[in-house]
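The values are calculated or read from the model by the stated rules, or taken from the named source; none is laboratory data. The shown structure was predicted, so the numbers you read here are calculated from the model rather than taken from an experiment. Here the Cβ positions follow ideal geometry from the backbone for every residue, glycine too, while neighbour counts run over all protein chains shown. Accessible surface areas use protein heavy atoms only, side chains included; no ligands, DNA or RNA. Shrake-Rupley method; radii C 1.70, N 1.55, O 1.52, S 1.80 Å.
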Amino acid sequence: IPLFLKAEEIYILVCKVSLLVEENGDKNNLINNILNDYKNSLKKSAFTMAGKIVNAHKEDMLYHGRMQNAAIIRSEAHYILMNISGLKMCGFKEHDYLELIRDEIEAFRILFVEWVKSFNVSNYVIDRWGLFNPPGINLDDFDINDVFDDDFDDDSDDDIDDDIDDED
């Protein structure tokens with residue numbers, strides 16, 4: 001899908017830019033450590049975005065599962081933007097490459113919005129936390145699945161035992 005291809009492009013770009021962050025070998029150099037932390041965070045975020053797209057693309061995934069993945073993807077894209085700002089503040093000199101990442105994230109955002117619109121809102125269970133319900137579905141709405149999801153608890157077994165004892 002186009003969104004995954006764009007995420008893959010971002011990952012490749014981030015990996016190339018991360019090669020420009022030099023490790024000077026001085027473990028006591030704070031700026032060096034911060035730059036390397038930003039570099040590692042960029043790679044992790046770009047990798048996570050692609051992985052969550054694959055995860056959310058499963059055919060049988062319910063709406064709330066897709067939305068949970070979408071929220072993580074959005075957060076990771078935001079982390080990338082924050083980390084490239086951090087690289088600039090710490091003296092990373094290759095600003096053109098950072099702007100290229102920013103541009104790719106913007107192109108990704110546009111594809112992302114369209115992708116989220118494509119989620120099947122009729123394939124859901126109610127999210128009782130209230131975060132990822134389809135439009136028009138409230139966390140306290142009745143859901144027939146709730147009736148059948150309630151496994152027999154220990155208290156119900158005691159009630160049956162009490163009923164048997166009462167018959168004796």
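Is there a residue in segment 48-57 that is open to solvent by 80 Å² or more (accessible area, probe 1.4 Å), farther than 30 Å from Gly130 by Cβ and either at pLDDT below 95 or assigned to a helix (DSSP H, G or I) (or both)?
No.
So which pairs qualify, if the first residue must be in segment 126-151 and of a type in the set (Val, Ile, Thr), the second must be at pLDDT below 85 and open to solvent by 70 Å² or more (accessible area, probe 1.4 Å), the Cβ gap must be under 7 Å, and the two must be at least 6 apart or on different chains?
Within 7 Å, the pairs are Ile126/Leu139.
Which of the residues spanning segment 5-31 are touching a residue at least 40 places away in the same chain (Cβ under 8 Å) and surrounded by 16 or more Cβ atoms within 10 Å (Cβ to Cβ)?
Lys6, Ala7, Ile10, Leu13, Val14, Val17, Val21
Looking at Ser45, Ser41 in this structure, which one is surrounded by 20 or more Cβ atoms within 10 Å (Cβ to Cβ) and not basic (Lys, Arg)?
Sole residue among the options that is surrounded by 20 or more Cβ atoms within 10 Å (Cβ to Cβ) and not basic (Lys, Arg): Ser45.
Exactly one condition in (1) closer than 30 Å to Gly136 by Cα; (2) touching a helix residue (DSSP H, G or I) at 6+ places or on another chain (Cβ under 6 Å) is not met by Met61; state its number.
Among (1) closer than 30 Å to Gly136 by Cα; (2) touching a helix residue (DSSP H, G or I) at 6+ places or on another chain (Cβ under 6 Å), the lone unmet condition for Met61 is (2).
Let me spell it out: the conditions are (1) in a helix (DSSP H, G or I); (2) open to solvent by 40 Å² or more (accessible area, probe 1.4 Å); (3) more than 30 Å from Asn133 (Cβ to Cβ); (4) modelled with pLDDT under 95, and Leu35 meets all of them except one. Which number is the exception?
Condition not satisfied by Leu35: (2).
Going through Met89, Met61, Met82 one at a time, which residue ends up being closer than 21 Å to Glu8 by Cβ and either aliphatic (A, V, I, L, M) or at pLDDT below 85 (or both)?
Met61
Just to be sure before I move on: is Leu3 among the hydrophobic types (A, V, I, L, M, F, W, C) and over 30 Å from Pro135 (Cβ atoms) in the structure I sent?
Against the criterion (among the hydrophobic types (A, V, I, L, M, F, W, C) and over 30 Å from Pro135 (Cβ atoms)), Leu3 does not qualify.
Here are some conditions: (1) closer than 17 Å to Gly91 by Cα; (2) open to solvent by 30 Å² or more (accessible area, probe 1.4 Å); (3) of a type in the set (A, V, I, L, M, F, W, C); (4) touching a residue at least 60 places away in the same chain (Cβ under 8 Å). Leu62 meets all but one. Which one does it not meet?
(1)
Just give me the residues in segment 95-149 being among the β-branched types (Val, Ile, Thr) and either open to solvent by less than 60 Å² (accessible area, probe 1.4 Å) or modelled with pLDDT of 95 or more (or both), in sequence order.
Filtering segment 95-149 down to residues among the β-branched types (Val, Ile, Thr) leaves 101, 105, 110, 113, 116, 121, 125-126, 137, 144, 147.
Result: Ile101, Ile105, Ile110, Val113, Val116, Val125, Ile126, Ile137.
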